[in-house]
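This report refers to the structure that appears directly beneath it.
The numbers here are math on the coordinates, done by the rules we state, and not lab data. This one's a predicted model, so the numbers in the text were calculated from it and none came from an experiment. Because the Cβ atoms are built from the backbone with ideal geometry, glycine has one as well, and the counts that use them run over all protein chains shown.
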Amino acid sequence: MRVESGGDEPSPQLLDHWGRVAADLRLSVTDRCNLRCSYCLPEDADSWIPRQDLLTPAEIGRLTQVALSLGIRKVRLTGGEPLLRPDLAEIIHQIHQAFIQAGMPADIALTTNAIGLASRLDSLTAAGLGRINISLDTLDPERYFALAKRNRFPEVATALDKLPGSVLKPIKLNSVILNQQSLEEIPELVRFALRRDFQWRAIEFMPIGPLGDSAATRPHARDILARLQECFSLTPIETDPAAPARRWNVAAGSDHPAGIIGVIASESAPFCSTCDRTRLSADGKVYSCLFSLSFVDLLTPLRQGASNDELAQLWLTAQAAKPAGHREIAGAGRRTYSLSQIGG
Ligand code: SAM
C-alpha cells in the first residue's frame, strides 16, 4: 500500500485493531534524568540508551514528517528529562518545520521537571514550543529532596517564577499523588498554581516502574476529589472523551483567583478505550501503549535509507497491534518499564 497518496486516495491513519485512531505523538528524546524519584528511576538505574542510538534532531524531523502524514496532529516531547538534551531547541525547530511543510498548525508541547528551564525558555519558545507541563509533586524543598533524591528545588522555583511571562499556554503543573502527605499538600499546590494562572492536575499513581506493585494501595481519584472538595468550590467542565483528565472550574477564593484543575485517573477510570496516543522512544522504537513490552524499530531502517513510505508502513503495523487496555498488559504479571524508559 502506498502511504503518501495523491489524487483521491484517502490518507492512511494510525488505526488499531480496536478501532482507535492515534492523533497524539509522545516523543521521548532521552531516557536519562537528573532526578531519581524512587517510583520512576531508582538510584541504581544503570542501563541507558547508548548516545549513538539517540535520534538526532534531523531524524526526529523526518519521523515527525512520517507521523504527520499518518494523521498525527500534536507532538509532546518527554523522556527521561528532555532538558538534558542540549539540542532540544533544534529538535523543536525540526518538528516545527515538519508541521509547516505539512501545511498544518504546529502543536508542540513539552513535559519536564523544569530544572534549567528558566535560561532556555526563550530559545525553546522561539523554536516553536507552544505548551508545557511541569511535573512537581511537592512545594516543600525537603520533601522534594526526599522524593527526587536531588536538591534541585531552587532551580525549579526559578523556572516557575519565569513561566507566567512566557508565551506558553496553557501551563500545567502535574503532581503525582503518592500518599497521605500528597493528599494533604493538594490545597497548597492548587493555590500556588491558580495564583500563577497555571492549571493544576493530580495524577493517580500507575502500576508501572519500580514501585508499580503498590499502585492499588495508593490514593485514588475519589480520595483526590474529596480533598479538593473540602477546600474549593468546583464545577465540572465537559471534556473531550480522549482527554486523560476530568476537569473542573475552581471558583475564586479569598487567597486565590479562579482557574481550572484536573484529575488524571489512569488507574481507577482508565481512558484506554479512547486513547489516541502513539509513542516513539528516544532510540526510535514505536510503542503503541505506555505499558507495551513490544515495539517496532524505526531507527535501523531509517539509518539504512528507508523511505518515508516504508517507515510509515512500519508505524502502521506497530499501531495496529495496540492492546485494548493497559490492564491487559500490567495484569498479565509481567514487569513493565519505567515511564522514563519509554517516555512518560
Ligand atoms: N522528566 C519529565 C518530567 O519530569 O515531567 C518527563 C518524564 S517523567 C517520567 C513524566 C511524568 O511521569 C512525571 O510527572 C512523573 O512523576 C510521572 N510518573 C512516573 N512514574 C509514574 C507512576 N508510576 N505513576 C504516575 N506517574 C508517574
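State the dimensionless ratio Rg/Rh of segment 45-86 (Rg: radius of gyration of Cα atoms; Rh: Kirkwood radius).
1.03
Enumerate the lysines that residue 285 could reach by cross-link, defined here as Cα to Cα under 17 Å, with residues fewer than 8 away along the same chain left out.
322
Relative to the present Cα-Cα distance, how much length would full extension add between residue 21 and residue 309 at 0.36 nm per residue of separation?
Contour length minus Cα-Cα distance gives 101.8 nm.
Given the Cα-Cα distance of residue 13 and residue 157 and 0.36 nm per residue of separation, how much length would full extension add, in nm?
Length gained, residue 13 through residue 157: 47.7 nm.
Please work out the Cα convex hull volume for the chain and give it in Å³ per residue.
Here the figure is 135 Å³ per residue.
Mind pulling the angle between the C-alpha long axis of helix 221-231 and the longest principal axis of the chain? Nearest 10 degrees, somewhere in 0 to 90.
40
Counting other Cβ atoms within 10 Å, keep those with at most 13, restrict to DSSP loop, and tell me which GluC sites (Glu not before Pro) in segment 232-332 are left.
238
Which whole-number percent gives the relative contact order of the chain, counting Cα pairs below 8 Å spaced six or more residues apart?
Over the chain, the number comes to 22 percent.
What aspartates and glutamates sit close enough to residue 74 to cross-link, taking a C-alpha to C-alpha distance under 14 Å and skipping anything fewer than 8 places away on the same chain?
24, 107, 276
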